[in-house]
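First up is the structure itself, then whatever we jot down about it.
The values are calculated or read from the model by the stated rules, or taken from the named source; none is laboratory data. The model shown is predicted, which means the values in this text are computed figures rather than measured ones. Backbone-built Cβ (ideal geometry, glycine too); neighbour counts: all protein chains shown.
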Amino acid sequence: MKVLVVEDEHKIANSIKKGLEQERFIVDIAYDGESGLDLALGENYDVIILDRMLPILSGDEILNKLRNKNIHTPVLILTAKGQTNDKVELLNSGADDYLTKPFAFLELVARINSLGRRPRKAQKSELKVRDLTLNTQSFEVNRGDSPIELSNKEFTLLEYLMKHPQKILKKEQIIMQVWNYESDIMPNSVEVYIKHLRDKIDKPFKNDPPLIHTVRGFGYKIA
């Protein structure tokens, strides 16, 4: 299970990370709200642990932005406030669960596991960028009226790009999401598969603008 921890107190954040990794979770950390929101928008997590009081952006602001973008990743809020009104406010604003500080680590693990087992809210099955469509249930890809055949890895890469239109995705982000630390990944695998996609969704459509773009020194985007 992959977990994002957004907590500005470094000692607490690092302690949570160390403990969860011992429980065999994959853990990313952000120490401020802005970095936490960037990770939450750019990566796929099973659970997000979100401190309520954060610099730059508060936990409430992050939660609101995620829900407004139709991102329904389960969110567990860490809060110093334990009053009933505060808890009701958190749940009504889109949080899935909360823990009041200080908390027992074993309870945190139990709540993460519980959230990870919950069925996700329905997501749109069709992704669309201009005239390119990808259906995540039927695995069909079309540009206009033309069907496009993709391998499993090509499909996964294109799906990741299309879930983040206009956003520059770094090579490291793509490797983490598409290859998931596979031991046999080659250093140029991203470039090779980006070329495969271009050969199938851009080159055959010479009268249409290309959709996949290289942003030199940064990464790739679909737009």
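If you check residue 71 against the conditions, is it out of contact with any Cys (no Cβ under 6 Å at 6 or more places or on another chain), aliphatic (A, V, I, L, M), touching a residue at least 12 places away in the same chain (Cβ under 8 Å) and closer than 24 Å to residue 102 by Cβ?
Values: out of contact with any Cys (no Cβ under 6 Å at 6 or more places or on another chain): yes; aliphatic (A, V, I, L, M): yes; touching a residue at least 12 places away in the same chain (Cβ under 8 Å): yes; closer than 24 Å to residue 102 by Cβ: no.
No; evaluated as a whole, the condition is false for this residue.
Hey, can you tell me all the residues within region 170-199 that are surrounded by 15 or more Cβ atoms within 10 Å (Cβ to Cβ) and either assigned by TED's automatic domain parsing to the domain that holds residue 40 or at pLDDT 90 or above (or both)? Reasoning before the result, please.
At the first step, the residues of region 170-199 found to be surrounded by 15 or more Cβ atoms within 10 Å (Cβ to Cβ) are 171, 173-179, 189-190, 193-194, 196-198.
Hits for region 170-199 are 190, 193, 194, 196, 197, 198.
The rows are residues; the columns are (1) within 21 Å of residue 28 (Cα to Cα); (2) free of Cβ contacts under 8 Å to residues at least 24 places away in the same chain; (3) among the small types (Gly, Ala, Ser).
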| residue | (1), (2), (3) |
| --- | --- |
| 160 | yes, yes, no |
| 163 | yes, no, no |
| 174 | yes, no, no |
| 194 | no, no, no |
| 197 | no, no, no |
| 205 | no, no, no |
| 215 | no, no, no |
| 218 | yes, no, no |
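Return a yes/no flag: does region 74-81 have any residue that is within 26 Å of residue 170 (Cα to Cα), at pLDDT 90 or above and not small (Gly, Ala, Ser). Steps first, please.
Within region 74-81, the subset within 26 Å of residue 170 (Cα to Cα) is 74-75.
Those left that are additionally at pLDDT 90 or above: 74-75.
With not small (Gly, Ala, Ser) added as a condition, the list becomes 74-75.
So far as region 74-81 goes, yes, one or more of its residues are within 26 Å of residue 170 (Cα to Cα), at pLDDT 90 or above and not small (Gly, Ala, Ser).
Considering only residues that are among the polar types (S, T, N, Q) and part of a strand (DSSP E or B), look in region 127-159 and name the one that is nearest to residue 169 (Cα to Cα).
Taking the candidates together, the pick is 133.
Which residue pairs have Cβ atoms closer than 7 Å, lie 6 or more positions apart in sequence or on different chains, and pair a first residue in region 104-116 that is without any contact (Cβ under 8 Å) to a residue 60 or more places away in the chain with a second residue that is acidic (Asp, Glu) and not in a loop (DSSP other than H, G, I, E, B)?
Every condition considered, the pairs that remain are 111/97.
What single numbered condition from (1) within 22 Å of the chain's Cα centre (by Cα); (2) free of Cβ contacts under 8 Å to residues at least 40 places away in the same chain fails to hold for residue 145?
Every condition holds for residue 145 apart from (1).
Here are 62, 49: which of them is outside the structural domain of residue 159 (by TED's automatic domain parsing), part of a strand (DSSP E or B), more than 13 Å from the chain's Cα centre (by Cα) and within 18 Å of residue 98 (Cα to Cα)? Quick ask: steps written out before the conclusion?
Working: 62 fails: part of a strand (DSSP E or B).
After applying the criteria, what remains is 49.
Return the only residue of 46, 32, 28 being at pLDDT below 90 and either farther than 17 Å from residue 2 by Cα or surrounded by 14 or more Cβ atoms within 10 Å (Cβ to Cβ) (or both).
Working: 32 fails: at pLDDT below 90; 28 fails: at pLDDT below 90.
Being at pLDDT below 90 and either farther than 17 Å from residue 2 by Cα or surrounded by 14 or more Cβ atoms within 10 Å (Cβ to Cβ) (or both) holds for just one of 46, 32, 28, which is 46.
Name the residues in region 90-116 that are outside any loop (DSSP other than H, G, I, E, B) and in contact with a Lys or Arg (Cβ under 9 Å, 6 or more places away or on another chain), would you?
As a first pass, look at region 90-116 and keep what is outside any loop (DSSP other than H, G, I, E, B): 90-92, 97-100, 105-116.
Matches in region 90-116: 90, 97, 98, 99, 100.
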